[in-house]
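Novice: Quick one: the structure is below, questions incoming.
The values are calculated or read from the model by the stated rules, or taken from the named source; none is laboratory data. Computed from a predicted structure; not experimentally measured. Reconstructed Cβ throughout: ideal geometry from the backbone, glycine too, with neighbour counts over all protein chains shown.
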Ligand SMILES: [Zn+2]
C-alpha cells in the first residue's frame, strides 16, 4: 500500500470533497443547476436522513437510494480513479490493467477491479460481526471517498470500517469528518501507508495499530505467495547488479567489457537488471512498498 495522489480535476458526474457546508450549498442550488445525478441523489439521501430522524423511524438497507451508482462506475470516472492509482489496487498494490471484465475473481486472478468506497456508503461494521445503519450515505459520490481496489481486498473489507474510538464516528451529513474520526483503516489519500506497513520479504507487518489493522481488514497476507514470486525476480535481478559490483572490486575497477567470457550478453543482462530494479521501486510498479522495504533493508 502506498500514498495516492488524486487528480484535481474530477470526473464531472462526481462531487468534489465534502465539508459541513456542502449540504447547504446543494440545497441552495435550483434543481436545474444541480450538476448531475450524483448531486441530486446525495441531496435526496440527506433529506431522507432528516425525515427518518424527525419521524423517529429506523434505518435499514432500503432507506437510501444509490441508483446512480453507474456514475462512479462510468468509464470516465473509473478510468481516472484507476489512472491516479497507476492501475493498482489501493490496498494490496496488485496491478489490474487490461484484465477482462468477464474474468471472475478467484484467489489468483484478482478480477477486473472495482470502485471502492473508503467509507462504506450503505452500512458499516466496527468489527466483523454487527452491521450498523446508516453508513456514510452522503459520501457515495464524493471523489475523495472513491478508490480503485481489487475484488479480493474490496470483498474482505466489505463494510468494515473500524475507528480507534467508535463513539467519535461521524453519524450524518451535517458533521465534520477528519480529524475527529480516527480511522483504523489507513486512508492512502491523507497519510503515507509506508509509515504504517513494512515487509519481511513478502510478508507484510504493521508498525502501528493502523498498519496491523489494515493488513487484517484487507487480509493482505493472502497474497504472500504472489508477492514472493515477484520478489524472487527482484532478488535475481539485484544479484546481477551485485555481481557487476563484485567483479569491479575484485578486478580493481576493471570494466565488465574486459572480462573474457560472453561479455556482451553479461553487460546487457546487467543493464536490464539495473532498469528493472529502478522501475520496480517506482510508484507505478506492483508491490512497490515491499520492493522498497527489501532494497532499503539491503543498505543496512
Ligand atoms: Zn487488492
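Novice: Condition first: at pLDDT 60 or above and away from the ligand (no atom under 12 Å from the Cβ). Now tell me which residues in the stretch 88-111 satisfy that.
Specialist: Correct list: 97 only.
Novice: Counting only residues that are away from the ligand (no atom under 16 Å from the Cβ) and crowded, with 24+ Cβ neighbours inside 10 Å, how many does the stretch 144-158 have? I'd like the intermediate steps shown before the answer.
Specialist: Of the residues in the stretch 144-158, the ones away from the ligand (no atom under 16 Å from the Cβ) are 144-145.
From the residues that got through so far, the ones that are crowded, with 24+ Cβ neighbours inside 10 Å too are 145.
So the count comes out to 1.
Novice: Can you pull out the residues in the stretch 286-299 that are in contact (Cβ under 8 Å) with a residue 24 or more places away in the chain and either closer than 11 Å to residue 198 by Cα or under 15 Å from the mean Cα position of the chain (by Cα) (or both)?
Specialist: Step one: filter the stretch 286-299 for residues in contact (Cβ under 8 Å) with a residue 24 or more places away in the chain, giving 286-295, 298.
Hits for the stretch 286-299 are 286, 287, 288, 289, 290, 291, 292, 293, 294.
Novice: Residues 265, 232: which one is over 16 Å from residue 194 (Cβ atoms) and either at pLDDT 85 or above or in contact with a helix residue (DSSP H, G or I) (Cβ under 8 Å, 6 or more places away or on another chain) (or both)? Let's see the steps before the verdict.
Specialist: Details: 265 fails: either at pLDDT 85 or above or in contact with a helix residue (DSSP H, G or I) (Cβ under 8 Å, 6 or more places away or on another chain) (or both).
That would be 232, the only listed residue that is over 16 Å from residue 194 (Cβ atoms) and either at pLDDT 85 or above or in contact with a helix residue (DSSP H, G or I) (Cβ under 8 Å, 6 or more places away or on another chain) (or both).
Novice: Also, quick follow-up: For the stretch 129-143: of the residues being assigned to a loop (DSSP other than H, G, I, E, B) and touching a helix residue (DSSP H, G or I) at 6+ places or on another chain (Cβ under 9 Å), which is farthest from the ligand (Cβ to nearest atom)? Talk me through it step by step, then tell me what you get.
Specialist: Going through the stretch 129-143, the residues assigned to a loop (DSSP other than H, G, I, E, B) turn out to be 129-131, 133-136, 140-141.
Those left that are additionally touching a helix residue (DSSP H, G or I) at 6+ places or on another chain (Cβ under 9 Å): 134, 136, 140-141.
Details: 134: 26, 136: 21, 140: 21, 141: 23 Å.
Across the stretch 129-143, the extreme among qualifying residues is 134.
Novice: Quick test of your reading of the structure: residue 193 fulfils all but one of (1) surrounded by 14 or more Cβ atoms within 10 Å (Cβ to Cβ); (2) at pLDDT below 90. Name the failing condition by number.
Specialist: The single condition residue 193 does not satisfy is (2).
Novice: So which of 185, 190 ends up being under 15 Å from residue 85 (Cα atoms), part of a loop (DSSP other than H, G, I, E, B) and within 12 Å of the chain's Cα centre (by Cα)? Step through it out loud before you land on a result.
Specialist: Details: 185 fails: under 15 Å from residue 85 (Cα atoms).
The conditions single out 190.
Novice: A further question follows. Filter the stretch 18-57 down to the residues that are surrounded by 12 or more Cβ atoms within 10 Å (Cβ to Cβ) and not in a helix (DSSP H, G or I), then identify the one that is modelled with the lowest pLDDT.
Specialist: 35
Novice: Moving on. Could you identify the single residue in 224, 271 that is surrounded by 12 or more Cβ atoms within 10 Å (Cβ to Cβ), at pLDDT below 95 and either within 26 Å of residue 149 (Cα to Cα) or out of contact with any helix residue (DSSP H, G or I) (no Cβ under 9 Å at 6 or more places or on another chain) (or both)? Working first, answer last.
Specialist: On the way: 224 fails: at pLDDT below 95.
None of the other options fit; the residue is 271.
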